[in-house]
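K.L.:
Dumping the structure here so I can ask a few things about it.
FYI, it's all coordinate maths here, none of it is from the lab. Remember, predicted model here, so these are calculated numbers, not experimental data. A quick note on method: Cβ atoms are made from the backbone with ideal geometry, for glycine too, and the neighbour counts reach across all protein chains shown.
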């Protein structure tokens, strides 16, 4: 059953601290990052061969995560993306819900702004609740988190088996942090992940 746990108030959390806690608890999960700040956040927590950074692929993170989850059913896949990136792919929720992978978790870092293009306000700052949208399409578990304590509790939940795809929105501070740039060579990033999975590289 889906549950959207919206905390009262308007508090937000430090995005880098939240991502670091998620990654500390990732185990052997493969991580796909959305364009821009989510990639910088994941890279700042430590570059790894099982991180798959997306460059120039706005709106694609959740569906890339779905493909990877389907191709690697024995591995957990975590997508870490932003509100602006996910807003460009609302239809992905329906596709993911129908596919119903049990090994896919999507984390949306929601600062209610388009951070890569000048910090213009995004739709989530005007009442669009991505967790409720995902719940309406049929995600197995959804939620909205506002504190690092919430993230700690989420890490424990994500370690448990899922009945289907899960999506959680983390409300984070609206700020532009120093960029921690992952490799920009898409072929290198692809081949590094394939090598990590024991697949041929090309």
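K.L.:
If I take every Cα pair under 8 Å that is 6 or more residues apart in the chain, average their sequence separation and divide by the length, what percent do I get for the relative contact order?
P.N.:
29 percent.
K.L.:
Where does each of 182-188, 65-71 land if you order them by average Cβ count within 10 Å, highest first?
P.N.:
Highest to lowest by the protection proxy: 65-71, 182-188.
K.L.:
Select from 58, 88, 78 the residue whose mean-square fluctuation is largest in a Gaussian network model of the chain (Cα-Cα springs shorter than 10 Å).
P.N.:
88
K.L.:
What whole-number distance in Å separates the alpha-carbon centres of segment 80-125 and segment 171-194?
P.N.:
About 16 Å separates the Cα centre of segment 80-125 from the one of segment 171-194.
K.L.:
With a Förster radius of 41 Å, plug the Cβ-Cβ distance of residue 201 and residue 98 into 1/(1 + (r/R0)^6) and report the FRET value to the nearest 0.05.
P.N.:
0.80
K.L.:
I need the shape label for segment 15-196. Rule: rounded when a/c is under 1.5, else prolate if a/b > b/c, else oblate, with a, b, c from the alpha carbon gyration tensor.
P.N.:
rounded
K.L.:
Between 94, 131, 61, where does the largest GNM mean-square fluctuation fall for the chain, given springs only between Cα atoms within less than 10 Å?
P.N.:
Comparing 94, 131, 61 in the GNM, the peak value goes to 94.
K.L.:
Also: Sort 20-32, 156-168 by packing, meaning the average of other beta carbons within 10 Å per residue, with the highest value first.
P.N.:
Peptide ranking by packing, descending: 20-32, 156-168.
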